[in-house]
Amino acid sequence: MIDTFPPFLIFFIGAAILPLIPQGNLRSAISLIFPVISAWLIWTMPEGLHLSMAFVGLDITLLRVDKLATIFGLIFSLAAFLSLLYAWHVRDTVQQVAALLYAGSAIGAVFAGDLITLFFFWEGTAIASVFLIWARGTEGAYHTGMRYLIMQIASGVILIAGAALYFRTTGNVEFTSMSDLFAAGDIGTILIFFAFGIKCAFPLLHNWLQDSYPAATITGTVILSSFTTKLAVYSLARGFPGTEILIYIGAVMTLFPIFYAVIENDLRRVLAYSLNNQLGFMVVGVGIGTELALNGTAAHAFAHILYKSLLFMSVGAVLFRTGTAKGSELGGLYKTMPLTMIFCVVGAASISAFPLFSGFISKSLILSAAAHDHYYVIWAILLFASAGVFHHSGIKIPYFVFFAHDSGLRPKEAPWNMLLAMGLTAFLCIAIGAYPAPLYSLLPYDVDYVPYTTTHVITQLQLLFFSALAFTVLMRTGIYPPELKSINLDTDWTYRKAGPSVIHWFSWVIGSFYTWLTKLMSKTTERTIKRLYRSHGPEGQMARSWPTGAMVLSIAVLLGATLFINFLV
Amino acid sequence: MAAEETHHVAKTFMDHLPVLQVVIPLFAAPIIVFIGKRSLAWPIAFAASAAAFVISCILLIQVLDGGFISYHVGGWAPPLGIEYRIDAANALVLALISGIGTVVLPYAYESVKAEIPKKNHTLFYACFMLCFTGLLGMVATGDAFNVFVFLEISSLSTYVLVAQGANHNKRALTAAYDYLIMGTIGATFFIIGLAMLYMATGTLNMADLADRIADEGTNRTIRAAFAFIVVGMGLKVAIYPLHHWLPNAYTFAPSAVSVFLAATATKAAIYVLLRFMFSVFNPSFVFEEWTLYIVFIPFSLLAMFAASFVAVFQTNIKRMLAYSSIAQIGYMLLGIAMLNATGLSATLVHLVNHGVTKAALFMGVGAMMLYSGSAFFNNLNGLGRKMPLTGAAMVASGLSLIGVPGTAGFISKWVLVQAAFENGWWIIAIAIMLSSLLAVIYVWRMFEVLYLTAPDPQSTAKEAPLAMLVPMWVLAIACIWFGFDTELTLGSARVAADGLLAGSAGMAH
Amino acid sequence: MEQLIDWAFIVGHVNYWLFIVLMMTGLYVVVARGNLVKKIVGLNIFQVSVFMLYISIGKITGGTAPIFPVDLTGHIEPDPSIVYSNPLPHVLILTAIVVGIATTSLGLALIVRIREAYDTIEEEDILKIEREMTAEDNKEYGAAMGGRA
Amino acid sequence: MHHHHLILRVVTKMLVGAIMLFAFYVQFHGDFSPGGGFQAGVIMAVAFIIYGIVFGLDKAEQVFPPWLVHKLVALGVLLYAGVGVVSMLLGYNYLDYDAFSPHHPSHGQHWGILLVELGVGITVTGVMVAIYYAFAGRPPPMKDEDW
């Protein structure tokens, strides 16, 4: 029994007992125990289906353990541990409980053996996580949270609709690969795909992500960045491996956030865009769907959760100390926050896929898979996108925060718990990058891959150096005032002169079109709601108390109609 | 006669259950008046409703295998005499009504003390018992005219109960008056329909009616009877364009009455509608199918959206819940209109689940009204924080109203969507989900008011008294419980639906 | 030759015609009259029409009251030559009449209370008062909702 | 109250007794001739109501106090339902009058229906009088002279 104890339950139990423990270090310490237990449980769980039962005539499997689920379960537990450690100083019961419930739901979803259980946890993550946004307590955070919640709930509703249709077609709700049905145009699987897509922030469905992550609390963002989207990636990997359209969706995902990220000033938002971009790599991996590619997706998700948390943590630490995360207001912090700076650089190096850092060994799996399957254009796009990542996350973040012009801010070093959490994460980033074998052994399929070949390393370094060079040149020549202008990040940096203006124009067009669209939508919505209010509001025709005579007339009319129908047929 | 008498076998207590179900509360009402002591009124009422609940549970267990129990009142065999006939469908509704009645009474004890002048308490409980009797009777009986009698018993007492809210807001009087006019017209349509059935067949026993209609086929009289009965009962159900009595009645009635009515009155009417559509008339009749398609489906869709929109914009939480009831009735009618076993079981299970859910919500609002004095959203600001247990119960049941998985509301909506798919009605399935989104909005508004706004600093609100909390939590837990353990609700609903679709068992015993 | 108007049919169903006329009269009064008492009267007419319908369908041509003749000892002697009306609709409608009385008296009682509370029994005035109450409530409580809407 | 309307008062005094007697006749002869509890109850109530109309509500309430009216309303229903319960206790179906005389069911029917009708009669009397009291007892919104 103990070896099939569902790990999500640990978190739920934790969420239930946590409020009973007095607020303080003890509670923070105890909250750390649950991810550890969970990780241990996941580690020791035997593969197979557990806790199957019948529910409303459906076969439900609460626990389906295989390697794909296990690696995601492990990294989620790990991420929960690190985030909770990072949030040690937080003294807000709502956030603590929400974080545990959120992590528990995510882990529950990963081990869900059927679509119903998946849906249950799917909505669980949505509801639990929104409290992390609301916990900020500002009016803006409230509205952002609402928008976020609506998107997430909508995703769940679409998922359950899809599940219902899927049940109609197949007669079961098992959560397995649906690629074939999807290719055949089955509407149920399309809905499910769409639901995953929302959560995975597919292009045009992505706005909730950039909208909400920067709006959450400092610790909330770290927690948010780990679970929701990666759960979606897992679901895609489970449900739609080898679906070709994902390759193109993923490619677009890697590309378009770059333009936004470059012109964005709020560093947490920059990170949110780069999160989107990194998801693109994973989605491409799922789309390719070979063993190598899926391994790449899983590995990249693992590595990504770590370094993205690390980046969010370091920016969060700065925000915590200085009260701002705007690139234009920061600078020169390396003097007083050296450790944070180092950790941030480690995270930046990882996301940029420097050799010996975690991003390198995972991203190259996906790149190799793309090349191996002759998706050369995709391969090129991914390469370009990697360079872009380096540009906006790898250089921009540490540069503007810790170096650049001196902002005059002299904040204290981050608190010990943040440092510890960042240190652990940074250590893991480097450890995985330098010695990838343990991670590879966790991957869903056997790995026969060596990341550190000369070609790989050289290609990558070339790419990075060119990118860095571009940045430097632009900085030196003053073409790169922060948050105003952009730069072409193509490896072929001869275009660098034309690049900035093109990209800037492109960003501007997209940006204004998007603004126009949202304005139009909000206007139409507003008008519709107003009209609805006039007819359905408390004084509207639909809600007014009718005169008795009119009520009676309505009965008579309905009776007449019914009689007439019955007379006719 | 004498020869028959020698065969008489003394009946035992268990044999009398179908009629005791109705007689015990019927007896309780005059006893309360006769004794006339305020302190004794509540205990008697509670004892009677508890007894009725126990009986209904025993009955439900007995008929779960798909059989039925027939009881001949006065020893006159049907079709001449009045027959009480219990099968899975009405046993389920009986259990709901008596269960809600039993839970509401402890709640009413506090709420009535606060809302109704002392001199009326005895009569209030007597009226309550009569209403209870009427609802149980119209569900339990197998005689069509008896349905009318019990319907009127419950309706007349309901008008009185609603008017008791006049103490609080004079609009309760006009609400009761409107309800009286509408209810009477509905009930009169119903007996006109019965008259036509009687003209065509010469019988009023439902099973016998079914036999004869099946034998003789239909004619215009029977079809007209069908229209009259459906519309007449539809009024009590609050089918969309006939719903205008409902919001005011629910809003201005005393809290305990709102709770009871919302959970039971329309549900009993829906049961009667079901009984007539499936047991008396044969659903395979073309005219019935057409009525369903042309009248029920458009109007239930309309109800699901129009009423939900109205609910979204309401400023009074009780009114909002009332409109949401109208929308939910739309779901139940859709389930009927699907004309398949899954749809019917969706209707039956939603009937139970929604009854429990709505009762819990109205209870929560009623408890808050003790301190806020009104059910306007603004007056409830932040009360969820001041009354954490009440608030939590409302959250649980609010989630069930939306249909969040893990709650009762989800089960019924899920089954309903399944039924839509069974018929291939995609659009309807999508409509169901869309209107659920509207439910998210209005329930959310409730949560927002209860938790996310600052409480009035002068508010003296504190946790509701135990007598209110316990019933509320019983229902809230039921909302969750029925979301996981569907054996009881869905299981019996399936048996009942199969029984209804199989048509009447006829006079066979 | 077929007659244009089937007089036998029309005259033969005179009770139904009367029922329909009465029923429509009643409904019309309920719908058209604003005075609450008149509405109740209309409702009464409407109900009475149904009583008539029931009683008339129980009537059998030449039938008498369905009471068996009894001799002094109380012994029943059924006489097959006597035709009885069908008693069942009569019994049923007795119940309906009682219901009608209850409804009427309850309705009138409500009207008395409404008169005391609103100082009028004209529906238009009452609706106006209620609309004003709603508008007032809405002004007081609706702002927050309207703002969000 | 008023001391005029002498003829009315005298006639009423004479009639009340006769009306009551007639009510009893209709009540107890209901199984052999048209009549029964409903009709008898109304007739009986008329006796009280006419007394109240002529002699004033106060007088009528002295004769037939409202609390008694309420009790009678309940009592009638109890009698009706009680007959059913007794038949049930005797091992027969609810309201199966055979129970009262198992060896001669038609007698049982006779007794049963008589009791039940008595219950009906009592309740109807009570209800009609109660309705009269309720309406007459409300203070009139304007005085008679103002009409």
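For the pair A:L32 and A:F513, the difference between a 0.36 nm per residue extended length and the Cα-Cα distance amounts to 168.6 nm.
Near C:Y84, the amide H atoms lying under 5 Å from its own belong to C:T64; only residues 5 or more places off or on other chains count, and H is placed 1.01 Å from N. Summing Lys and Arg as +1 and Asp and Glu as -1 over all other residues whose Cβ lies under 11 Å from the Cβ of B:P388 gives a net charge of +2.
Can you tell me how the stretch B:402-464 classifies by the Cα gyration tensor, rounded, prolate or oblate, using a/c under 1.5 as the rounded cut?
Values: a/c = 6.03, a/b = 2.90, b/c = 2.08.
Because a/c hits 1.5 or more and a/b exceeds b/c, the stretch B:402-464 counts as prolate.
Listed by Cβ neighbour count within 10 Å, with the fewest neighbours leading, A:T144, B:T407 appear as A:T144, B:T407. Computed from backbone phi, the HN-Hα couplings of the stretch B:119-126 come to 5, 8, 4, 4, 5, 4, 5, 4 Hz, rounded to whole numbers (Karplus: 6.51 cos²θ - 1.76 cosθ + 1.60, θ = phi - 60°; Gly and Pro given as x).
At 222 nm, what value in deg cm²/dmol follows for chain A if DSSP H runs of at least 4 each add -39500 (n - 2.57) and the sum is divided by all its residues, to the nearest 500?
Details: 22 runs with 399 residues, N = 569.
Using -39500 (n - 2.57) per qualifying helix, the result is -24000 deg cm²/dmol.
Whole-Hz Karplus values for the stretch A:145-155 come out as x, 4, 4, 4, 4, 4, 4, 5, 5, 4, 4 Hz, taken residue by residue from phi with 6.51 cos²θ - 1.76 cosθ + 1.60 and θ = phi - 60°; glycine and proline positions read x. Taking R0 as 22 Å, what FRET efficiency do you get between B:L452 and A:R534 from their Cβ-Cβ distance, rounded to the nearest 0.05? With a Förster radius of 22 Å, E is 0.25.
Pair-distance distribution of chain A: all C-alpha pairs, bin width 10 Å, starting at 0; shares per bin in whole percent are 4, 17, 27, 25, 15, 6, 3, 2, 0, 0.
Give A:K308/A:K519; A:K530/B:K170; A:K326/A:K396 a once-over and call out the pairs whose C-alpha atoms are over 20 Å from each other. The pairs that break the limit, which is 20 Å between Cα atoms, are A:K308/A:K519; A:K530/B:K170.
Look at the stretch A:524-535: the mean tally of other chain Cβ atoms within 10 Å of its residues' Cβ atoms is 2. Counting other Cβ atoms within 10 Å as a rough exposure proxy, the listed residues B:T122, B:T489, C:T120 run C:T120, B:T122, B:T489 from fewest neighbours to most. Peptide C:129-135 is shielded by partner chain Cβ atoms: per residue, an average of 4 of them sit within 10 Å of its Cβ. A simple spin-label model places pseudo-atoms 7 Å from Cα toward Cβ; at D:I53 and A:D448 they are separated by 11.0 nm.
For the stretch B:150-308, the relative contact order is 27 percent, taking Cα pairs closer than 8 Å that sit 6 or more residues apart in sequence and dividing their mean separation by the residue count.
Calculate the mean, over all residues of peptide D:85-94, of how many other protein chain Cβ atoms lie within 10 angstrom of the residue's Cβ. Numbers along the way, then the final one.
Numbers: counts 6, 0, 3, 7, 3, 2, 7, 7, 12, 14.
Mean shielding count: 6.
A simple packing score, the average count of other Cβ atoms within 10 Å per residue, orders the peptides A:520-529, B:475-484, A:61-70, A:118-127 as A:118-127, B:475-484, A:61-70, A:520-529, with the highest score first. Each Lys and Arg Cβ is given +1 and each Asp and Glu Cβ -1; about its Cα centre, chain C then shows a dipole of about 160 debye.
The tail of the calculated P(r) for the stretch D:6-146, taken as Cα-Cα distances beyond 20 Å, holds 55 percent of the pairs. Helix D:66-89 and the long axis of chain D differ in direction by around 10°, with both axes built from C-alpha atoms.
When chain D is treated as a GNM with alpha-carbon contacts under 10 Å, the residue of D:G36, D:G76, D:G84 showing the greatest mean-square fluctuation is D:G84.
Excluding the sites themselves, what is the longest stretch of chain B that contains no trypsin sites (Lys or Arg not before Pro) in a DSSP loop with at most 14 other C-beta atoms within 10 Å? Intermediate results must be reported in sequence, preceding the final value.
Numbers: sites that count: B:K37, B:K462.
Free of exposed loop sites, the longest segment is B:38-461.
With a ≥ b ≥ c the root eigenvalues of the C-alpha gyration tensor of the stretch A:330-456, is it rounded (a/c under 1.5), prolate (a/b larger than b/c) or oblate? Could you put the intermediate results ahead of the total?
Details: a/c = 3.63, a/b = 1.72, b/c = 2.12.
The shape class here is oblate.
Among C:G26, C:G12, C:G100, the residue with the largest mean-square fluctuation in a Gaussian network model of chain C, with springs joining Cα atoms closer than 10 Å, is C:G12. Shape descriptor for the stretch B:308-366: Rg over Rh equals 1.06 (Cα atoms; Rh from the Kirkwood inverse mean 1/r). The amide H of B:V404, built 1.01 Å from its N in the peptide plane, has B:F410 as neighbours under 5 Å, considering only residues 5 or more places off or on other chains.
In order along the stretch A:234-244, the phi-based Karplus estimate (6.51 cos²θ - 1.76 cosθ + 1.60, θ = phi - 60°) of 3J(HN,Hα) comes to 4, 4, 5, 4, 6, x, 10, x, x, 7, 5 Hz; Gly and Pro are listed as x. As an exercise, use a Förster radius of 25 Å and the Cβ-Cβ distance of C:E124 and C:L18 to find the FRET efficiency, rounded to the nearest 0.05. Between C:E124 and C:L18 the formula returns 0.20. Under 5 Å between amide hydrogens, built in the peptide plane, is the criterion, and for A:S52 it picks out A:L62 among residues at least 5 positions away or on other chains.
Could you put B:D15, C:D119, B:D65 in order, starting from the residue whose Cβ has the fewest other Cβ atoms within 10 Å? Provide the component values of the computation, followed by the final result.
Working: B:D15 16, C:D119 11, B:D65 8.
Ascending Cβ contact count within 10 Å gives the list B:D65, C:D119, B:D15.
About its Cα centre, the protein assembly as shown has a charge dipole of approximately 4400 debye under the convention of +1 per Lys or Arg Cβ and -1 per Asp or Glu Cβ, with nothing else charged.
Within the shell defined by Cβ-Cβ distances under 12 Å, the residues around A:D92 carry a net charge of +3, with Lys and Arg each +1 and Asp and Glu each -1.
Can you give the net charge of the other residues whose Cβ lies under 14 Å from the Cβ of B:A306, counting K and R as +1 and D and E as -1?
On the way: positive: A:R531, A:R534, A:R544; negative: none.
The answer is +3.
Express in % the proportion of alpha carbon pairs of chain B at distances exceeding 44 Å.
Numbers: 12772 of 129286 pairs.
Here the long-distance tail beyond 44 Å is 10 percent of all Cα pairs in chain B.
Where does each of B:89-97, A:392-400, A:15-23, A:88-96 land if you order them by average Cβ count within 10 Å, highest first?
Most protected by this proxy first, the peptides run B:89-97, A:392-400, A:88-96, A:15-23.
Once Rh is set to the Kirkwood radius over Cα pairs, what Stokes-Einstein translational diffusion coefficient, in µm²/s, holds for the stretch A:1-240 at a temperature of 10 °C and a viscosity of 1.306 mPa s? Don't jump to the answer; show the numbers that get you there.
On the way: Rh = 17.9 Å.
Using the Kirkwood radius from Cα pairs, D works out to 89 µm²/s.
Please build a GNM for chain C, connecting alpha carbons under 10 Å apart, and tell me which residue among C:F51, C:F19, C:F68 fluctuates the most. Judging by the Gaussian network model, the answer is C:F68. Against the compact-protein benchmark of 2.2 N^0.38 Å, the Cα-based radius of gyration of the stretch A:1-133 scales to 1.03.
What is the ratio of the Cα radius of gyration of the stretch B:283-504 to 2.2 N^0.38 Å, with N the residue count, to two decimals?
1.06
Once Rh for the protein assembly as shown is found with the Kirkwood sum over Cα pairs, what is the Stokes-Einstein diffusion coefficient at 20 °C and 1.002 mPa s, in µm²/s? Estimated diffusion coefficient is 61 µm²/s.
Every number in this text was worked out from the coordinates using simple rules, so none of it is lab data. A quick note: this is a predicted structure, and the numbers were derived from the prediction, not measured. Methodologically, a virtual Cβ is constructed for each residue, glycine included, from the backbone with ideal geometry; neighbour enumeration extends over all protein chains shown.
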